[in-house]
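The values are calculated or read from the model by the stated rules, or taken from the named source; none is laboratory data. What you see is a predicted model, and the numbers here were worked out from it, not measured in a lab. Heads up, the Cβs are rebuilt from the backbone with ideal geometry, glycines too, and the neighbour counts pull from every protein chain shown. Each accessible area value is taken on the protein alone, full model and side chains, heavy atoms only, with ligands, DNA and RNA left out. Shrake-Rupley method; radii C 1.70, N 1.55, O 1.52, S 1.80 Å.
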Amino acid sequence: MTLHRLIRLYFLMMFPTVSLGIAGTVSYLGSFTTANDVFLQSVVISEGSIVTVQTLSYGGGTNAAGTVILPGGFDPIVTMFDSTGQFLDENDDGTCPPATEDNGNCFDSSLNIVLNTSGTYLFALTVAPNFAAGSTLADGFYNIGDFAGRSQDYAVDVTVSPINDVPEPSERIPTTVVAIIVAFYGLTNRLRLK
C-alpha cells in the first residue's frame, strides 16, 4: 500500500467527517491545550463547490449557529488538503469584514477555495505562525505556534456553496413580466410596419 493510500485511510478513519453535500454551514468551537495543537476536520462535498472556512477566534462575532464569540482568541491559520493529503491552499490573515477587527488588527482567517471535484477534503486549524511544513499533510506543521498572550479558544465556520448558484424560481423574472415585455415588443414592431 502506498503512503498516499495510508494517509487517506488514516484520516478517513481518525477524523470526524461532516457531509455538507452541495450546500450548508457547520460551526466548530473548541480550545487548544498547546500552541502547536492542530484541529483537523474532514468535509465531504457531493459536487463542485466553493468552500469557505472563516475563523472568529481573534476578533469575535456571531458564528453561523448563532453563538456570540468574544474577541481575544489566538491568531489562527487555516490550511486545506485534498483526500490524499495534498496541500491545496492556506490563509493566515483574512479580510475584515467578514472577520471582525480587534485592537485594529484583522487576524482571523478567511479561506475561500473552489473545489471542482466531489469528495472528501480536510482542513486544519492551527495557531500562527504554525504553518504547514510541506506540500502534504504527512509533512506536518512547523510546531512554532504562539498564543501571544491571547485565549486558547477557537471558533470556525465551514460553508459549502454550489459553484453555479441558480436563482430560485421566486428570484427569477415572473412569467407575466416576460409576457408583457414580449407583447409590448410585438405591438411596437407592428406599429412600425404600418
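Those strands (runs of 3 or more DSSP E) of region 83-152 in which 2 or more residues are more than 26 Å from Thr62 (Cα to Cα) and either open to solvent by 40 Å² or more (accessible area, probe 1.4 Å) or touching a residue at least 40 places away in the same chain (Cβ under 8 Å) (or both) occupy 87-91, 119-127.
Pairs meeting the criteria (first residue in region 23-52 and in contact (Cβ under 8 Å) with a residue 40 or more places away in the chain, second residue open to solvent by less than 40 Å² (accessible area, probe 1.4 Å) and among the charged types (D, E, K, R), beta carbons under 6 Å, at least 6 apart or on different chains) are Thr25/Asp157; Ser27/Asp157.
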